[in-house]
Amino acid sequence: MAAGPKEVAGRRDSLPAQKIAADPLQSYCPDLDQWPRSWAYEARDIPYGLRMVECFKPFLREMLALPLSRTTLRRHRDNIWVLGGEVIRRVQMDSGLRRRPVEQVGR
């Protein structure tokens, strides 16, 4: 029996479909859980970053639901990561922002 295009010597090279479909956001942003630490200047920035990630998740999931190219999806993902870093930078510069809900800081 000859190996199919996705099989090599009886072994599949791709993950089972149910694992890929389980959480497309995990495939799109495998380091999403690390974003708050990458933005942080100090330990107290991490909880703020975690709240931001929760705000970003619906947008990121919406992007995945749209018929966008991989390049466009990566660009949006990367821009969201940059936005998070900018918000944390502004919070560092103006401590009054830290008392505001994360949803209002960018306004």
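The values are calculated or read from the model by the stated rules, or taken from the named source; none is laboratory data. What you are looking at is a predicted structure, and each value in this text was computed from that prediction instead of being measured. Each accessible area value is taken on the protein alone, full model and side chains, heavy atoms only, with ligands, DNA and RNA left out. Shrake-Rupley method; radii C 1.70, N 1.55, O 1.52, S 1.80 Å.
Annotations for the structure displayed:
- Residue count, the range 76-99 (criterion: open to solvent by less than 20 Å² (accessible area, probe 1.4 Å) and not in a helix (DSSP H, G or I)): 0
- Picking from residues in the range 54-75 that are in a helix (DSSP H, G or I) and of a type in the set (Ser, Thr, Tyr), the one that is most open to solvent (accessible area, probe 1.4 Å) is 71.
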